[in-house]
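Since the structure comes first, as structure tokens, the remarks are kept for the end.
The values are calculated or read from the model by the stated rules, or taken from the named source; none is laboratory data. Since the structure is predicted, the reported quantities are computational estimates derived from the model, not experimental observations. Counting neighbours? That spans all protein chains shown, and the Cβs are built from the backbone with ideal geometry, glycine included. In case anyone asks, the SASA skips ligands and DNA or RNA and just uses the protein heavy atoms, side chains included. Shrake-Rupley method; radii C 1.70, N 1.55, O 1.52, S 1.80 Å.
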Amino acid sequence: MSDLPGDPALKPAALYRSGVQVLKRANGIPDKWRPYTVKVARYMRDYQPEAD
């Protein structure tokens, strides 16, 4: 999975939805799951601790 393009923090979210073979065929996060990974990225930002 590390050899596929895309944000390493979001690839597991796409994997959860589709599986390794789908990511490999799409050479990264499939278009079908981009809205889902955008939502996950937003949640990651929202829950990121604030810097002092």
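Show the residue pairs that are 6+ apart or on different chains and have beta-carbon atoms under 8 Å apart, the first residue being within segment 1-26 and among the hydroxyl-bearing types (Ser, Thr, Tyr), the second being open to solvent by 90 Å² or more (accessible area, probe 1.4 Å). Hits for this filter: Ser2/Pro8; Ser18/Lys32. Hey, can you tell me all the residues within segment 21-37 that are surrounded by 12 or more Cβ atoms within 10 Å (Cβ to Cβ) and assigned to a helix (DSSP H, G or I)? Across segment 21-37, the qualifying residues are Val22, Leu23, Lys24, Ala26, Lys32, Trp33, Arg34, Tyr36, Thr37. Summed over segment 1-20, residues that are surrounded by fewer than 15 Cβ atoms within 10 Å (Cβ to Cβ) and of a type outside the set (D, E, K, R) total 9.
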